[in-house]
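First up is the structure itself, then whatever we jot down about it.
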Amino acid sequence: MNIELSAKEFRRLLDLVYIGNWILNSTRGHDRIEDYDQIESKLFGLCEKNGMASLVETWNGQKVPSRAFADGGIHEAIMNYEDTVFFEILAEELSRRDMDYEPVTSENYEALVARMEEYIAEFEAHGTDNILIDSMD
């Protein structure tokens, strides 16, 4: 299979592959999904012959994203995603708790969404500063 990409498209593909592999493997420790590491290595290995040598380095015989790539802002994008997902999941869980974990139906969906929006507004204004757990000091 051959895919023709511009330099800009290839660079964006590197971002997507890195982010995808990060999400799939960063929390797995030694139980990584090697297929994704291999694809990432294969694509980053193409950097040198495409004028992007600064984005790749060799580690343990494998081509991997360089420190320059990893420190170039990609983790800020990942952190923004993680923060958004964290607060959305927290808002939904708190809203469902407030609604006694009733199954979501067409009758209570709007109430759930409204409650979630209130939590999201609170988190946007104050982060987690106002979350308290009574049983903890």
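Taking the chain as the reference, fit the longest principal axis to its C-alpha atoms, fit the long axis of helix 7-25 to the helix C-alpha atoms, and give the angle between the two in degrees, 0 to 90, nearest 10. That helix lies at roughly 60 degrees to the long axis.
Counting beta carbons within 10 Å around each of E48, E107 and listing the fewest first gives the order E107, E48. Working from Cα pairs under 8 Å separated by at least six residues, relative contact order for segment 7-65 is 28 percent.
Computed over the chain with a Gaussian network model linking Cα atoms closer than 10 Å, the most mobile of N60, N50, N80 is N60. Once a ≥ b ≥ c are taken as the square roots of the eigenvalues of the Cα gyration tensor of segment 7-65, is the result rounded (a/c under 1.5), prolate (a/b larger than b/c) or oblate (a/b not larger than b/c)? In terms of gyration-tensor shape, oblate.
Working value for segment 19-97: equivalent-ellipsoid semi-axes of 31, 15, 9 Å, each the square root of 5 times a Cα gyration tensor eigenvalue, largest first.
Comparing G29, G20, G72 in a Gaussian network model of the chain, where Cα atoms under 10 Å apart are tied by springs, the biggest mean-square fluctuation is seen for G29. Rounded to the nearest 20, the Cβ-based charge dipole of segment 74-126 about its Cα centre (Lys and Arg +1, Asp and Glu -1) stands at 80 debye. Taking the Cα centre of the chain as reference, the dipole from Cβ charges on Lys and Arg (+1) and Asp and Glu (-1) amounts to some 1200 debye.
When a footprinting reagent is the concern and you count Cβ atoms within 10 Å, what order do E76, E4 take, fewest first?
Working: E76 9, E4 6.
Fewest-to-most Cβ neighbours within 10 Å comes out as E4, E76.
Full extension of the segment from Y109 to N60, taken as 0.36 nm per residue of separation minus the current Cα-Cα distance, would add 12.5 nm. Fewest neighbouring Cβ atoms within 10 Å first, the residues S135, S66 line up as S135, S66. Estimated at 0.36 nm per residue, the fully extended path between I19 and Q38 surpasses their Cα-Cα distance by 5.4 nm. Each Cα pair under 8 Å and six or more residues apart adds its separation to the average, and for the chain the resulting relative contact order is 14 percent. Extending 7 Å from the Cα toward the beta-carbon at both D31 and A53 defines two label points whose distance is 4.1 nm. Among the trypsin sites (Lys or Arg not before Pro) found in segment 14-121, those both in a DSSP coil and sparsely packed, with 10 or fewer other Cβ atoms within 10 Å of their Cβ, are R28.
Each value in this text was obtained by applying a stated rule to the coordinates, not by laboratory testing. Please read all numbers here as calculations on a predicted model, not as lab measurements. Cβ: placed from backbone, ideal geometry, glycine included. Neighbour counts: every protein chain shown.
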